[in-house]
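Student: First the structure, which I've put down as structure tokens, then a few questions once you've had a look.
The values are calculated or read from the model by the stated rules, or taken from the named source; none is laboratory data. On a predicted model such as this, the values are computed, not experimentally measured, just so you know. All Cβ positions, glycine included, derive from the backbone under ideal geometry; neighbour counts span all protein chains shown.
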DNA sequence: AACTATATAGTAATTAAAACTATTTGTCAA
DNA sequence: TTGACAAATAGTTTTAATTACTATATAGTT
């Protein structure tokens, strides 16, 4: 991971912007997240951070990762983080998901119906589904939203 | 839900193709899934099916929904069904997810970097992220895969 | 240095999903 | 139509993930 210093600086600025305190826990969780090239779960980050902060709690790691997502220092990988939901509508359609209330809204958009999967991927994997996935805040959550509360 | 009869027929055919038994539980779970226009969780489907099959178990609903996904009669909504995973890489990139081992692979593809969010959505919601999300089977899972086992 | 709101540790509670086993039931062939 | 058997289910238990709670500690400010 190059430019780790810069990245930490970003975290500092984001925290200050949102009036969140810069705690060692937040810094360590953020560093652990960056250090792992892949897409770790809270448990994985917890294990990593524990080496530097032996008595950090899992709850703190969870809350901190949430906070990082809220301030835009990280994000929750799509395809994770919600109870499994099923869709029986096999017609081509797309999903918008509210990151707050987790509600999923269907929408149709012609331009998204025939996604060309890159040759490289078709080669490497067996592709089952390709879709445009959009997330954000729905109207009712938007109204409730005033400031970011980390705790 | 129009053409429910047709849909059931589809289920019958899919089951026969894959040599899966057509059980009342499967039919009811499938009907309940179709009947709910939204994106229900196993619990929600369970509640619905219980009206017709009072002593169906939640486990059966769960397994059945999985089976339906495996045979292509339904699918798991992206953004659900996996422990929450985080990504600290804010550069534009896309994800491929293996539906079996849940591993996430990054990839970059220029054509996917500037997704135009439909006007209608930008209006209705606060869009935070738009991405192409591709799922399927990774190579190592593909090798292990021989036939669909529903149980 | 002291104050105060915020964040944390430690733990408990909640929830979702998977595992397990005895029993039941589709399916097929006689 | 019946009997046999593999497959599927009910009922329950485990496991795992996330959230909730409260007393304590601390970052940022005065």
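Student: What is the number of the single condition among (1) touching a strand residue (DSSP E or B) at 6+ places or on another chain (Cβ under 9 Å); (2) in a helix (DSSP H, G or I); (3) surrounded by fewer than 14 Cβ atoms within 10 Å (Cβ to Cβ) that residue A:37 does not meet?
Tutor: Evaluating residue A:37 over (1) touching a strand residue (DSSP E or B) at 6+ places or on another chain (Cβ under 9 Å); (2) in a helix (DSSP H, G or I); (3) surrounded by fewer than 14 Cβ atoms within 10 Å (Cβ to Cβ) leaves (2) as the failure.
Student: May I pose another question? Suppose we filter A:100, A:18 for residues that are modelled with pLDDT under 95 and under 30 Å from residue B:40 (Cβ atoms); which single one remains? Write out each step before concluding.
Tutor: Values: A:18 fails: under 30 Å from residue B:40 (Cβ atoms).
Just a single option satisfies the conditions, and that option is A:100.
Student: Follow-up. Does residue A:92 satisfy the condition of being surrounded by fewer than 16 Cβ atoms within 10 Å (Cβ to Cβ), more than 17 Å from the chain's Cα centre (by Cα) and closer than 30 Å to residue A:16 by Cα?
Tutor: No; evaluated as a whole, the condition is false for this residue.
Student: Still on this structure, I have one more. Yes or no: the stretch A:12-28 includes at least one residue that is surrounded by fewer than 16 Cβ atoms within 10 Å (Cβ to Cβ), within 14 Å of chain B (Cβ to nearest Cβ) and touching a residue at least 12 places away in the same chain (Cβ under 8 Å).
Tutor: No; the residues of the stretch A:12-28 include none that is surrounded by fewer than 16 Cβ atoms within 10 Å (Cβ to Cβ), within 14 Å of chain B (Cβ to nearest Cβ) and touching a residue at least 12 places away in the same chain (Cβ under 8 Å).
Student: Among the listed residues A:62, A:66, which satisfies the condition of being closer than 27 Å to residue B:76 by Cα, assigned to a helix (DSSP H, G or I) and in contact with a helix residue (DSSP H, G or I) (Cβ under 6 Å, 6 or more places away or on another chain)?
Tutor: The conditions single out A:62.
Student: Also: In the stretch A:45-69, which residue that is more than 9 Å from DNA strand D (Cβ to nearest atom) and within 9 Å of chain B (Cβ to nearest Cβ) is nearest to residue A:7 (Cα to Cα)?
Tutor: Only one residue fits best here, namely A:68.
Student: When the residues of the stretch A:79-89 are filtered to those that are outside any loop (DSSP other than H, G, I, E, B) and away from DNA strand D (no atom under 15 Å from the Cβ), which remaining residue is surrounded by the fewest Cβ atoms within 10 Å (Cβ to Cβ)?
Tutor: Residues of the stretch A:79-89 outside any loop (DSSP other than H, G, I, E, B): A:82, A:85-87.
The next check asks that each one be away from DNA strand D (no atom under 15 Å from the Cβ); those that pass are A:86-87.
Numbers: A:86: 24, A:87: 21.
Once the filter is applied, the top-ranked residue is A:87.
Student: Please identify the pairs in which a residue from the stretch B:42-64 that is farther than 19 Å from residue B:80 by Cβ has its Cβ atom under 8 Å from the Cβ atom of a residue that is within 10 Å of DNA strand C (Cβ to nearest atom), counting only partners at least 6 apart or on another chain.
Tutor: B:49/B:25; B:49/B:61; B:53/B:24; B:53/B:25; B:56/B:25; B:56/B:46; B:60/B:25
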